[in-house]
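Here the structure comes first, spelled out in C-alpha cells, and everything after it is commentary.
The values are calculated or read from the model by the stated rules, or taken from the named source; none is laboratory data. Small disclaimer: the values here were computed from a predicted structure and weren't measured. Cβ coordinates were reconstructed from backbone atoms using ideal geometry, including for glycine residues, and neighbour counts include every protein chain displayed. Protein only, heavy atoms only, side chains kept; ligands, DNA and RNA dropped before computing areas. Shrake-Rupley method; radii C 1.70, N 1.55, O 1.52, S 1.80 Å.
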Amino acid sequence: MNYNDFFRSELDALRDSGNYREFAELERYRGAFPTAKCHNGPGEVTIWCSNDYLGMGQHPLVLDAMHEALDRTGAGAGGTRNISGTTHDHVLLEAELADLHGKEAALLFTSGYVSNWAALGTLGARIPGLTILSDALNHASMIEGIRHSKAARVIWKHNDLADLEAKLASLPANAPKLIAFESVYSMDGDIAPVAEICDLADRYNAMTYLDEVHAVGLYGPRGGGVAEREGLMDRLTVIEGTLGKAFGVMGGYIAASTELCDFVRSFASGFIFTTALPPAVAAGGAASIRHLKKSTAERKSQEARVAQVREQLDAIGLPHIDNPSHIIPVMVGDPVKCKFISDTLLRDYGIYIQPINYPTVPKGTERLRITPSPVHSDADVERLVGALEELWTQCQLARRPLAAQ
C-alpha cells in the first residue's frame, strides 16, 4: 500500500465534497480585537467567529496579570502537577473556580477537551456498574471520555426529557447513573432544560455532569453559567467549564465536591501525566474570572450586539436559528456554497467566518456560526450584514419570508 497515495485520495475526497478545512493564519492586534492580520489572506480582517466571546483575551487586567506572573515565575510550570508543576497560581485559580460555581473544590486541566475526556473517562471507568446517559448532541470530548471509560452508556434524544426519563426508568433502581449534558450547545445555540434534568436525576438517584463551556463568563450574575443564572449550581454533581472561551485564555476544569475532585485528581491519566498550564496562563484566567464576577458591562454589551445582528439578519430575510443564546447559526445548507461564502467574505470583504460543515454538523445543515461580541462596532455589523446579503443573492440561497418575521 502506498500510504501517501491513500492520504492524498482521502483529502481529495474532502475537497470535492466541500468539507476540506483550511486555516486562516491570523495575528490578533493587542487592544484592537476583533481586528487581526491574516498572513495567508487579504491582510487586515474582522473576526466574527471567535469563541473569545467577550474580548477578555485583550482585556488590560488579564494581560497585566499574565505579564506580572511571567516576570515573577518565568515561562513554564516545570512539569506535571504531581511532580513539580503545581504552582501557587494554579491553586489560586482553582479557588476562584470553586467559588464561581459554589462548589467545595475545582480541578484544573490543560483544556476543556481534556477535562471532559479525563473526568468522564475516570468516573465511568472506576465507579462500579455506572451507566452514563449522554445527550445525543454532546461534544466530541464528552463522547470520547465516555467511550474511553468503557462504562455502559445510553444515548438519549437531544434535550428530550421524556426520552431521558424512559431510559432512566429502564435501568435498575439501585444501579449508579450519571446524566451528562451541556447547557449551551455550540452549533445550534439552544439551551438544555437544566432544572428538569436535575428533577429527573433526583427522582432516579443519578449524578449530573453539566458542560458549561459555552456559558461560563456569559450567563448568571457573576458569570457562573446557565446553572448560576437559574439558581441550580447546588443541584449539579459536576460542573465543567473552560478558560479558553469567554474568559479569554486557556485551560479546562471541573468544579464539584472535595472528594470527587480529589478522586479525579488521583486517578485520571489525563491529569496525572500531562504538563501543567504555564503559571502566567493561570494568573490570566484568575484575573478574568475575578473581573467578570463583578462586572456585568461586558455581558450586557454582548447581549445588545447579538440582538442587533439578529434584527438586521431578520430585516433582509437571512435564515438563522432562533435560540436563546449568544450563538447565531446562519444556515446555508450546502457545503460547497458555505465554503464559497466563507472564502469570499475573507478574500473580498476582509470578514473572517469559518464555515461549519460535516462532520461537525449533519449534512444539509452547513452554516456560518457568528458570535457577536462587545468589541464589534456598529460599522462592523453593517459591513457584515451587507456582505452576507450580496453573497446570498449571488449564491441564489433561500431567504425567510419577510412578512413572517
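A few points about this structure:
- The calculated FRET efficiency for Arg203 paired with Glu303, based on their beta-carbon distance and R0 = 51 Å, is about 0.90.
- For the range 41-118, the average shadow cast by the Cα convex hull is 8.1 nm², which is a quarter of the hull's surface.
- Rounded to 5, percent antiparallel among DSSP beta bridges of the chain: 55 percent
- Each peptide in 221-228, 16-23, 54-61, 200-207 receives the mean, over its residues, of other Cβ atoms within 10 Å, and ordering these scores from highest gives 221-228, 54-61, 200-207, 16-23.
- Annotation for Thr35 and Val91: the two label points, set 7 Å from Cα along the Cα-Cβ direction, are 4.4 nm apart.
- Cα gyration tensor category, rounded, prolate or oblate, for the range 1-146 with a/c compared to 1.5: oblate
- Cα gyration tensor shape of the range 320-405, rounded if a/c is under 1.5, else prolate or oblate by comparing a/b with b/c: rounded
- Take each peptide in 120-133, 242-255, count the other Cβ atoms within 10 Å of every residue, and average; sorted highest first, the result is 242-255, 120-133.
- Amide H partners (placed H, <5 Å) of Glu182, local residues excluded: Asp211
- With kT/(6 pi eta Rh) evaluated at 20 °C and eta = 1.002 mPa s, and Rh the Kirkwood radius from Cα pairs, the range 240-379 diffuses with a coefficient of 118 µm²/s according to Stokes-Einstein.
- The alpha carbon centroids of the range 348-405 and the range 133-172 are separated by 32 Å.
- Straight-distance crosslink candidates among lysines, where the alpha carbon sits under 26 Å from Lys363 and sequence neighbours closer than 8 are dropped: Lys157, Lys337, Lys339
- Under a model in which nothing but the beta-carbon of Lys, Arg (+1) and Asp, Glu (-1) is charged, the range 1-42 shows a dipole of about 340 debye around its Cα centre.
- Measure of compaction for the range 149-214 (Cα Rg per 2.2 N^0.38 Å): 1.10
- Share of carbon and sulfur in the accessible heavy-atom surface of the chain [1.4 Å probe, %]: 54 percent
- Those lysines that a straight Cα-Cα span of less than 18 Å connects to Lys300, excepting residues fewer than 8 apart in one chain: Lys245
- When Rg and the Kirkwood Rh are both derived from Cα coordinates, the Rg/Rh ratio for the chain amounts to 0.97.
- Along the range 299-309 the Karplus relation, 6.51 cos²θ - 1.76 cosθ + 1.60 evaluated at θ = phi - 60°, assigns HN-Hα couplings of 5, 5, 5, 5, 4, 5, 5, 4, 4, 5, 5 Hz to successive residues, with x for each Gly and Pro.
- Positive end of the dipole of the range 311-405 (Cβ unit charges, origin at the Cα centre): among Ala387, Pro335, Ser373, the Cα lying farthest that way belongs to Pro335.
- Over the range 13-62, equivalent-ellipsoid semi-axes from the Cα gyration tensor in Å: 27, 13, 7
- Taking amide H atoms as placed 1.01 Å from N in the peptide plane, the amide H of Ile370 lies under 5 Å from those of Ile328, Val330, each 5 or more residues away in sequence or on another chain.
- Per residue, the accessible area of the chain comes to 43 Å², computed with a 1.4 Å probe over protein heavy atoms only.
- Sites matching trypsin sites (Lys or Arg not before Pro) across the range 132-188 that sit in DSSP coil, with at most 16 neighbouring C-beta atoms within 10 Å: Lys150, Lys157
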